[in-house]
Amino acid sequence: MTRKKLIKLLKTIIPLGLGIFLIWYSLASATPEQRATLWENIKNAQPGWIILSLVLGILSHLSRAYRWQFLLEPLGYKPDFANRFMAVMVAYLA
């Protein structure tokens, strides 16, 4: 395996492993009553509200990417929409 492939693999595995560990740790450190309450709340969640919140969240990110077009044009930059959207998403990671 080349060094580049190894680095790319580690960039994928480490965040996934960290996420899985944090979920496990959260569930392992919760009391049985807290876990029961959590699962009950998940079962009782209304899918319509979850879908609505996801759609509105994505629309807000898309509108921010669209807004960047107006901010960058006077400076002479014309990145395409996909680049602006990815820039917005990366900014939320920081």
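What follows is calculated from the coordinates using simple rules that are stated; it is not laboratory data. Note that the structure is predicted; figures quoted are calculated from it, not measured. Note that each Cβ is placed from the backbone with ideal geometry, even for glycine, and that neighbours are counted across all protein chains shown.
Annotations
- Check on residue 4, more than 20 Å from the chain's Cα centre (by Cα), part of a helix (DSSP H, G or I) and exposed (fewer than 11 other Cβ atoms within 10 Å of the Cβ): yes
- Residues being surrounded by fewer than 10 Cβ atoms within 10 Å (Cβ to Cβ) and either in a helix (DSSP H, G or I) or within 23 Å of the chain's Cα centre (by Cα) (or both) - total across region 17-38: 4
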